[in-house]
Amino acid sequence: MFDVHVPARSPAPFEALIGPERYGEFSQTLEHAARRLEGRTVWNVNSTAKGGGVAEMLAPLDAYPRSAGIDARWTVIQAPPEFFEITKRLHNLLHGESGDGEPLTDLARDVYVRSLAPSGDELASRVRPRDVVIVHDPQPAGLIPILKARTGARVVWRCHVGIDEPDDVARAAWDFLRPFVAPADRYVFSRAGYAWEGLDPRRVDVIPPSIDALSPKNAPMDPTVVRGVLRAARLVDDGPGAEPWFERTDGSRSMVERPATVVEDAPIPAGAPVVLQVSRWDRLKDPSGVMEGFARFVPIELGAHLVLAGPRSAEVADDPESDEVLRAVREARDSLPSETRGRVHLASLPMEDDEENATIVNALPRRADVVVQKSLREGFGLTVAEAMWKGRPVVASRVGGIQDQIVDGESGVLVDDPRDLRSFGEAVAGLLRDPERGRRMGAAAHTRIREEFLPPGHLMNWDRTLQAVDHEGETEGLTAGEPA
């Protein structure tokens with residue numbers, strides 16, 4: 001395992017965003033939590049330090065509590081490639097997709113258990129009685145029985161993935177994971193509909209995710225800086241802009257220097273309309289479907305260009321399929337007619353510096369005229385919240401947590417069937433033809449994220465869950481004749 005260092009960060013700037021009354025409630029929550037958790041550590045455990053929404057959420061969920069004196073830590077499991085092949089299979093199956101088509105055999109279970117054993121031994125040696133360990137998603141779920149048996153800690157399983165209507169495929173994945181997950185003291189899902197059958201419903205909580213409006217990925221950015229950042233990253237050259245400086249979370253300043261790797265026939269013309277999807281190279285994000293829907297149903301005369309942007313696939317440790325997906329997208333692009341192909345750009349973003357990457361991802365939606373997220377399945381879809389926060393109109397699939405964020409026709413457009421390329425393309429074209437409607441939607445989208453999906457509300461939800469965990473632990477201790 002390795003630890004991710006997250007420095008303490010004051011949440012004070014949120015007062016201007018959410019108002020003094022709500023901020024006061026949040027401040028009191030942090031103060032009370034700090035007293036209750038004194039002498040204890042809150043551990044977050046996941047499978048990657050970069051790439052994907054879980055990693056992005058963990059930094060603020062550590063940083064802001066640390067500013068109140070809470071000992072919040074983040075540690076990442078390490079495992080061999082065959083482990084991540086199995087957990088990627090689990091990820092797909094939990095979404096009702098067959099993935100690589102291989103079953104979850106006893107051999108797969110043995111690889112899963114054996115691969116996690118070293119991390120389990122190491123973490124169990126560090127965790128103390130009455131610490132709180134939050135285990136995120138299927139990859140490290142096998143640590144839960146080890147921690148419950150050997151540490152005396154409170155353990156919460158946090159599942160960020162799910163399916164609206166579970167089928168036999170998803171239930172097979174539940175059956176594989178349930179023995180590892182069941183011993184947890186609490187189970188947290190992003191949506192009520194994601195809660196598994198067979199878990200004690202009294203121990204299930206629903207906590208929607210959030211985005212950090214103060215991070216380099218979401219902080220305000222002047223249009224001249226947007227131009228400078230995208231020019232430095234060799235993504236869009238709209239002419240000279242400001243120097244591409246960005247402020248890091250520790251207060252220091254750096255400049256965007258690393259370029260993206262872009263597959264394109266020619267650069268995007270200055271000022272051309274841009275349609276953008278930013279996501280991991282994942283079949284469930286359907287980048288090939290986005291490209292086909294754009295190519296077939298967004299008329300050439302609108303002059304729009306499509307940018308599909310994602311991380312350099314080799315940098316995402318827990319996703320072994322990303323290279324294969326990116327190759328498939330490139331092959332699909334190569335097969336397009338030349339006039340259409342010239343309007344499609346594939347961008348693999350540099351990942352060596354997380355905050356540089358975040359700055360590039362911050363700039364891209366601010367340049368886009370329409371942001372899309374045509375996922376086939378989606379746990380929550382933080383890229384949607386990020387685009388909405390930046391005031392962009394979003395066209396997205398009515399799946400998973402996306403439909404919890406967008407109010408259709410008010411703060412974005414939802415496409416009922418994610419495989420309906422015509423409806424998708426026509427929704428995008430409609431917004432390109434009516435920029436004023438897009439601006440109204442973008443303004444409403446920003447307001448919705450401010451009110452519903454920022455860290456103060458997220459952390460207050462977590463505080464309620466951790467209080468429930470403590471109360472249940474004390475009740476069990478008294479029942480067993482032990483001091484609470």
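Values in this text are rule-based calculations from the coordinates and carry no lab data. Nothing here was measured: the structure is a model prediction, and the numbers come from that model. Counting neighbours? That spans all protein chains shown, and the Cβs are built from the backbone with ideal geometry, glycine included.
The table below gives the values:
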read-out	value
Cut-off 9 Å between beta-carbons: net charge of the residues surrounding residue 232, Lys and Arg +1, Asp and Glu -1	+1
Calculated P(r) of the chain - Cα pairs past 41 Å, %	17 percent
Two-decimal Rg to Rh for segment 223-452 - Kirkwood Rh, Cα set	0.94
Residue-count net charge about residue 355 - beta-carbon cut-off 10 Å; Lys, Arg +1, Asp, Glu -1	-3
Proportion of all alpha-carbon pairs of segment 87-219 beyond 19 Å (%)	53 percent
Virtual spin-label span in nm between residue 407 and residue 122, 7 Å along Cα→Cβ	4.7 nm
Sites residue 417 and residue 178, calculated FRET efficiency, Cβ-Cβ separation with R0 25 Å, nearest 0.05	0.20
Projected label distance in nm at residue 106 and residue 443, using a 7 Å step from Cα toward the beta-carbon	6.5 nm
At R0 = 51 Å, FRET efficiency that the Cβ-Cβ distance of residue 474 and residue 296 yields, to 0.05	0.25
Volume per residue that the Cα convex hull of segment 183-305 spans, once the total is divided by residue count, Å³	197 Å³
Placed amide H near residue 131: partners under 5 Å, 5+ positions off or other chain	41, 154
Ratio Rg/Rh [Cα only; Rh per Kirkwood] for segment 258-305	0.98
Simple spin-label estimate for residue 31 and residue 323 in nanometres, 7 Å along Cα-Cβ	5.4 nm
Compactness of segment 283-387 as Cα Rg over 2.2 N^0.38 Å, two decimals	1.09
Kirkwood Rh, Cα atoms: Rg over Rh of segment 40-93	1.08
Spatial extent of segment 1-113: Rg and Dmax, with the Cα atoms as the point set, Å	18.8, 55
Part-to-part distance (alpha-carbon centres) for segment 198-264 and segment 270-294, which is given in Å	18 Å
R0 of 60 Å, Cβ-Cβ distance residue 247-residue 192: FRET efficiency to nearest 0.05	0.95
Counted charge near residue 176, where neighbours are those whose Cβ lies closer than 11 Å (Asp, Glu -1; Lys, Arg +1)	+2
